[in-house]
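Working notes, structure below.
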Amino acid sequence: MSSPREVVIIGSGPAGYTAAIYAARSNLRPLLVDGMQPGGQLTITTDVENYPGYPEGVLGPKMMEDFRSQAERFGTEFVMGQVNEVDFSKRPFRLKTDFDELEAKAVIICTGASARLLGLDKEKEVMGRGLSACATCDGAFFPDKHLVVIGGGDSAMEEATFLTRYASKVTLVHRREGFRASSIMLDRAKANEKIEFLLNKAPVAYLTDAAGKLNGVRLVDKVSKEEQDFACDGLFLAIGHVPNSKVFREKIDLDEAGYVLVHDGTSTSVEGVFAAGDIADKRYRQAITAAGMGCMAAIDCERWLENQH
């Protein structure tokens with residue numbers, strides 16, 4: 001095992017990369033562990049129109065390439081894999097990755113959140129065989145097909161709108177009459193002639209053909225309780241996210257949903273461990289707020305290390 005690093009950043013995305021930029025410019029020689037999805041959720045996002053500095057918009061993956069290049073320019077070291085085990089009980093902290101064991105004087109957690117699944121039977125079997133949680137990843141596989149999107153928030157509206165680039169028709173299924181989506185996103189979806197809405201319906205089973213490929217979904221009416229089989233060529237889940245905090249359970253304080261609790265900016269319940277981005281923010285969950293928290297975490301970390309020395 002090599003000597004302890006000043007700071008190890010767990011996870012990438014806007015929070016991790018920004019933390020790396022600030023930490024590197026402070027001569028902390030940060031080591032960033034990429035995580036299970038290098039670049040975070042923006043790598044599966046299409047056009048980003050609301051991030052300052054990109055007046056014409058930018059593709060999510062390109063934006064994350066820019067962030068990573070800037071962090072690398074200032075001396076950030078990157079390692080592949082994800083952290084599977086941590087020991088925050090004593091300093092230096094110990095981290096176990098897929099390939100190595102690391103020691104760190106300070107840690108910044110930027111592991112983000114992952115798409116929520118329904119948990120229905122055959123979900124694993126049909127994932128990638130007609131079922132997806134990423135329209136930008138898989139939409140192009142369904143040209144001129146009838147697709148279903150499950151959800152009622154901004155993500156569902158964005159996914160449904162994006163899929164109309166490929167699909168002949170998109171049916172958005174939501175379990176209630178009302179939507180959590182913002183007015184602008186909802187209005188955009190309603191104005192799209194390719195999108196239809198099925199309200200007060202919830203999926204209860206995936207339907208498959210003889211080859212095991214998804215070809216429909218069974219829906220229950222939340223009012224009448226009647227069930228119906230609804231044929232489709234593909235189904236996309238857009239029902240929220242789960243914080244990637246499993247490895248930190250009983251290591252630092254989490255809330256009831258599993259998000260890392262922070263105080264005084266980005267400090268966690270363990271002195272010397274900081275958190276930024278969607279792993280700690282379930283309210284805003286925007287690229288710019290994640291980047292802002294990454295900046296805060298790096299500054300908090302730098303000042304804490306300076307006081308320790």
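Select from the chain the helices, each a whole stretch of DSSP H, whose alpha-carbon atoms run 27 Å or more along the helix axis and whose Kyte-Doolittle mean is at least -0.5; answer none if there are none.
Values: long enough: 287-308 (31 Å, 0.28).
Length and hydropathy pass: 287-308.
Sort 90-101, 294-305 for me by packing, meaning the mean count of neighbouring Cβ atoms within 10 Å per residue, highest on top.
Details: 90-101: 15.1, 294-305: 22.1.
Peptide ranking by packing, descending: 294-305, 90-101.
Going by average Cβ neighbours within 10 Å, how do the peptides 189-199, 29-39 rank, with the highest at the top? It would help to have the intermediate numbers written out before the result.
Working: 189-199: 15.1, 29-39: 21.1.
Top of the packing list down: 29-39, 189-199.
Given a Förster radius of 51 Å and the C-beta distance between H263 and K124 as r, what FRET efficiency does 1/(1 + (r/R0)^6) yield to the nearest 0.05? Walk me through the numbers before you get to the answer.
Details: r = 38 Å, r/R0 = 0.75.
Efficiency at R0 = 51 Å is approximately 0.85.
How far is the Cα center of the stretch 68-111 from the Cα center of the stretch 155-183, in Å?
38
Looking at this model, which pairs from K124/K194; K222/K251; K169/K225; K62/K90; K213/K282 are more than 32 angstrom apart at the alpha-carbon? Write out the running numbers ahead of the final one.
Details: K124/K194 29 Å; K222/K251 40 Å; K169/K225 26 Å; K62/K90 39 Å; K213/K282 34 Å.
Correct reply: K222/K251; K62/K90; K213/K282.
Quick note: the coordinates plus some simple rules give every number you see, no bench work behind them. On a predicted model such as this, the values are computed, not experimentally measured, just so you know. Cβ atoms come from the backbone with ideal geometry, glycine included; neighbour counts cover every protein chain shown.
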